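Quick notes on the structure that follows.
The values are calculated or read from the model by the stated rules, or taken from the named source; none is laboratory data. Predicted model only: the values in this text are computed from it and were never measured. So basically every Cβ, Gly included, is an ideal-geometry build from the backbone, and we count neighbours across all protein chains shown. Note: areas computed on protein heavy atoms with side chains; ligands, DNA, RNA excluded. Shrake-Rupley method; radii C 1.70, N 1.55, O 1.52, S 1.80 Å.
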Amino acid sequence: MNTAKSELKRSANKPDTQKAILEAAIRLFADLGFSGVTTRMVAREVGIGIATLYHHFPDKESLYLAAITHAYSHRAQEFTVLSQAHKPPLERLRHMVFRFAHVAASDPYFTRLVKREQLEGDPVRIRMLVDSTLGEQVAATYRLIEDLDTDYDPHLFMMSLLGMILHHYEAASMSPLFEHFLPSHLDPDVVASHVFKMLTQGLNATPAPPPPDNDSHSA
């Protein structure tokens, strides 16, 4: 018992113990999902006793919330700053697209965490994810879209923007199997340039003619 107390005291006082717990939890939750991870698994991954983990996080739910916040909250602040910068809206959009592409490329664990939550569909955890991390980024994106002063629906614009960037990295293991794939297609600068061009220029083609009126073919 005294040994356990000594281990708890030594580990709890290390300034990097909590960070190590969070980083191990991020990896495990991303790989196995919320339901596939136990607090004992996280403790073993870090090399600490379960009592030490509970000293920092009383249960799996609080650990999960802290892990996803640790994974992304500081980056959400970057998007807020970008949306409020005193620059023309198109320039701010370009900076946001490039920054988000680099985040998606460099942080596969968070991308997988979000994807797992979408697949598992637990409404409480999804709400927690949105409120704790994604909400700030979404609000910043909405503000930027409003400043662009387009006739696009803000929500559809935002979802299209996120989807166009994220899917490149969600499908990173599959993309090399497709024809015309080049390694540069996963370079965040290449992805961001492509997405920004599509957002601002579209296909740059003559609009297709409207479909024929069904009434003209009746009877």
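Label Phe181 and Ser160 with points 7 Å out from Cα along Cα→Cβ: what is the distance between them in nm?
For Phe181 paired with Ser160, the spin-label model returns 2.7 nm.
Solvent-accessible area of Leu90, probe 1.4 Å, all protein chains present, reported in Å² to the nearest ten, please.
100 Å²
Among 105-115, 193-203, how do they line up from the highest to the lowest mean number of other beta-carbon atoms within 10 Å?
For the peptides 105-115, 193-203, the packing ranking is 105-115, 193-203.
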